[in-house]
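I have placed the structure first, in the form of structure tokens, so that the comments after it can refer back to it.
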Amino acid sequence: MVSSVAGITTQRIRCVVEWFDRGLGYGFVKLADRDISAMLHKNALGPVSPYDIWEGDILVCELVEAEKGLSVEKVISIEPGNYQRGEGVIVKLSTEKGFGFVEIDGLPIDAYLPLNKFAEDHSRPLREGQRVKVAYVQNKGREGYVIKELSPAK
């Protein structure tokens with residue numbers, strides 16, 4: 001089927017995540033080769049966790065024309081976006097609230113650490129004062145940075 005809005009088929013399309021709000025359960029992606037956006041709802045993620053989706057990630061997905069425009073029907077695969085890498089120290093952990101902060105060497109402000117993303121990644125619990133290696137992205141929705149990958153520093 002061809003979309004009359006974008007002139008695309010519902011075959012696999014490469015898109016870039018513009019933003020995704022985990023609390024609301026939706027966000028938007030932009031077609032990689034066009035200046036056209038499509039809505040991404042958490043139901044289209046299938047087995048992919050909403051905590052694995054970040055701004056700048058590349059999604060291969062199937063799109064459909066919905067009532068209000070293009071929408072992602074199904075995410076086929078996800079490729080990490082362009083992350084910056086560095087080292088830092090965990091300066092705050094709030095396990096009951098599910099987040100923390102890492103002071104990354106050379107950055108003027110601490111980076112947000114979503115703990116639910118990393119809880120199952122580590123056999124040993126994270127702790128304040130722990131030195132870590134990180135991959136991070138600038139958080140376009142708010143001032144600051146978000147940790148995407150984390151591992152203990154050697």
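The values are calculated or read from the model by the stated rules, or taken from the named source; none is laboratory data. All values derive from a computational prediction rather than experimental measurement. Virtual Cβ from ideal backbone geometry, glycine too; neighbours counted across all protein chains shown. The accessibility values were calculated without ligands, DNA or RNA, using every heavy atom of the protein model including side chains. Shrake-Rupley method; radii C 1.70, N 1.55, O 1.52, S 1.80 Å.
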Would you confirm whether any residue within the stretch 36-56 is of a type in the set (F, W, Y) and within 20 Å of L115 (Cα to Cα)?
yes
Does any residue in the stretch 90-119 that is in contact (Cβ under 8 Å) with a residue 12 or more places away in the chain and open to solvent by 20 Å² or more (accessible area, probe 1.4 Å) come within less than 6 Å, Cβ to Cβ, of a residue that is assigned to a loop (DSSP other than H, G, I, E, B) and polar (S, T, N, Q) six or more places away or on a different chain, and which pairs are these?
none
Restricting to the stretch 83-92, count the residues that are under 20 Å from the mean Cα position of the chain (by Cα) and closer than 21 Å to R22 by Cβ.
1
Could you look through the stretch 120-141, keep only residues that are open to solvent by 60 Å² or more (accessible area, probe 1.4 Å) and closer than 16 Å to G56 by Cβ, and pick out the one that is modelled with the highest pLDDT?
Q138
Kindly indicate the residue of the stretch 54-78 that is out of contact with any Leu (no Cβ under 8 Å at 6 or more places or on another chain) and among the charged types (D, E, K, R) and also modelled with the lowest pLDDT among those meeting that condition.
E55
Could you grab the pairs with beta carbons closer than 8 Å, sequence gap of 6+ or different chains, first residue in the stretch 46-59 and in contact (Cβ under 8 Å) with a residue 40 or more places away in the chain, second one part of a loop (DSSP other than H, G, I, E, B) and open to solvent by less than 30 Å² (accessible area, probe 1.4 Å)?
W54/G81; E55/G81; G56/G81; D57/G81; I58/G81; L59/I53
Within the stretch 23-51, how many residues are small (G, A, S), within 14 Å of the chain's Cα centre (by Cα) and more than 22 Å from G98 (Cβ to Cβ)?
0
